[in-house]
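J.: Below you will find the structure I want to go over with you.
The values are calculated or read from the model by the stated rules, or taken from the named source; none is laboratory data. Because the structure is predicted, anything quoted here is derived from the model rather than measured. With ideal geometry, Cβ positions are generated from the backbone for all residues, glycine too; neighbour counts draw on all protein chains shown. Areas reflect the complete protein model, heavy atoms only, side chains present, ligands, DNA and RNA absent. Shrake-Rupley method; radii C 1.70, N 1.55, O 1.52, S 1.80 Å.
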Amino acid sequence: MDGPVAGSEERPARRAARAGYEPAGRDETRRANRAWWDGESRTYLAEHGDFLGADRLVWCPEGLDEDDAGLLGDVDGLQVVEVGCGAGQGTRWATQRGARAVGVDLSAGMLARSRGLDARTGTTAPVLQADAGALPLPDGWADVALTAYGALPFVADAGAVLAEVARVLCPGGRFVAATTHPVRWAFPDDPGPGGLTADRSYFDRTPYTEHAADGTLLYAEHHRTLGDWVRLVHTAGMVLEDLVEPPWPEQNRSVWGGWSPLRGALLPGTAVLVCSR
């Protein structure tokens with residue numbers, strides 16, 4: 001699930017009989033989101049592939065590029081894991097810069113798209129299909145872990161994912177994670193003026209869900225406050241070194257779901273957690 005995306009902000013409900021805010025457990029969230037990304041992988045890249053590129057590491061809809069931001073540092077010679085790698089852009093980016101990199105994603109559909117980008121770029125991004133809460137890597141394997149809107153918004157238990165990241169990181173290892181800024185949860189998913197007035201509580205952690213007519217969960221996206229993220233990082237045994245809130249660049253005229261120049265000038269859209277083990 002690589003690259004910036006948020007379910008309710010990304011698109012209207014496509015197959016859902018009902019959409020709103022309802023509880024969603026860990027297993028049903030995993031099943032629903034795996035199926036959703038399998039089915040939407042082609043459409044997602046068709047819509048956003050030009051913005052994300054094939055071998056760039058773009059952290060967010062604001063367009064923050066790792067080559068400019070330098071949040072990971074020099075990865076040459078390091079072991080890198082991309083959690084929720086989607087089509088493997090971040091893994092490919094790290095591989096091209098001398099890292100021994102691997103991407104992990106739950107969706108077979110997104111990993112199929114990654115193989116297509118391998119062929120297009122001539123750079124193979126090694127990938128594994130697995131749950132972000134059970135990374136198939138040894139303890140202390142990675143020097144660097146990253147996720148760019150991958151996995152964290154789409155799991156019911158973010159603490160389990162962060163604990164796994166901490167497990168596979170070596171002491172002193174670095175973890176950088178970009179996700180939807182929690183403030184966005186209080187505002188409608190509207191890139192225009194309608195998205196500038198809060199209409200729900202920032203403190204309401206009920207996930208956004210979409211259900212089929214028979215009640216089957218089709219999609220779920222989970223909300224945590226900034227305080228929740230700080231506590232989750234600490235509980236996992238990591239230190240939050242920095243919290244980056246990228247401003248909207250004047251030159252970026254793109255509209256991406258609920259992200260837009262209008263909203264970006266007034267509200268934060270992305271939070272980037274920069275952590276160490």
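J.: Using packing as a proxy for protection, rank 111-123, 29-41 so that the peptide with the highest average count of other Cβ atoms within 10 Å comes first.
T.: Put in order of decreasing packing, that is 29-41, 111-123.
J.: Sorting check: for 178-185, 138-145, 201-208, which peptide has the highest mean count of neighbouring beta carbons within 10 Å, and how do the rest follow?
T.: My ranking of the peptides, most packed first, is 178-185, 138-145, 201-208.
J.: Given the Cα-Cα distance of A163 and V239 and 0.36 nm per residue of separation, how much length would full extension add, in nm?
T.: So the extension gain works out to 26.1 nm.
J.: Calculate, in nm to one decimal, what T124 and D65 gain on full extension: separation in residues at 0.36 nm each, minus their alpha carbon distance.
T.: 19.2 nm
J.: Given the alpha-carbon gyration tensor of the chain, what are the semi-axes of its equivalent ellipsoid in whole angstrom, ordered largest first, with each equal to the square root of 5 times an eigenvalue?
T.: Taking √(5λ) for each eigenvalue gives 26, 20, 20 Å, largest first.
J.: Considering the convex hull of the alpha carbon atoms of region 171-277, report its projected area averaged over all viewing directions, in nm², one decimal.
T.: 8.7
J.: Continuing with this model, one more query. How long are the semi-axes of the equivalent ellipsoid of region 132-185, taking √(5λ) for every eigenvalue λ of the Cα gyration tensor, in whole Å from largest down?
T.: Gyration-tensor ellipsoid for region 132-185: 21, 12, 8 Å.
J.: Per 0.36 nm of contour for each residue apart, how much would the distance between E47 and R31 grow if the chain were fully extended, relative to their Cα-Cα spacing?
T.: The E47-R31 span can extend by a further 3.4 nm.
J.: Between T225 and T206, how many nm apart are label points set 7 Å from Cα along the C-beta direction?
T.: Those two pseudo-labels are separated by 1.7 nm.
J.: Nearest 5 is fine: what % of DSSP beta bridges in the chain come out antiparallel, could you say?
T.: So the antiparallel bridges amount to about 55 percent of the total.
J.: While we're here: Considering the Cα trace of region 94-216, what is its radius of gyration and what is Dmax, both in angstroms?
T.: Values for region 94-216 (Cα only, Rg and Dmax): 17.7, 49 Å.
J.: So, one more: Pairwise over distinct Cα atoms, reciprocal of the mean inverse distance: report the Kirkwood radius of region 23-138 in Å, one decimal place.
T.: It works out to 14.6 Å.
J.: Right, next: Most fluctuating residue of C60, C170, C85 in a GNM of the chain with Cα springs under 10 Å: which is it?
T.: In this elastic network of the chain, the residue with the biggest mean-square fluctuation among C60, C170, C85 is C170.
J.: Given a 1.4 angstrom probe, what's the average accessible area per residue across the chain, in square angstrom?
T.: I get 39 Å² per residue for this part.
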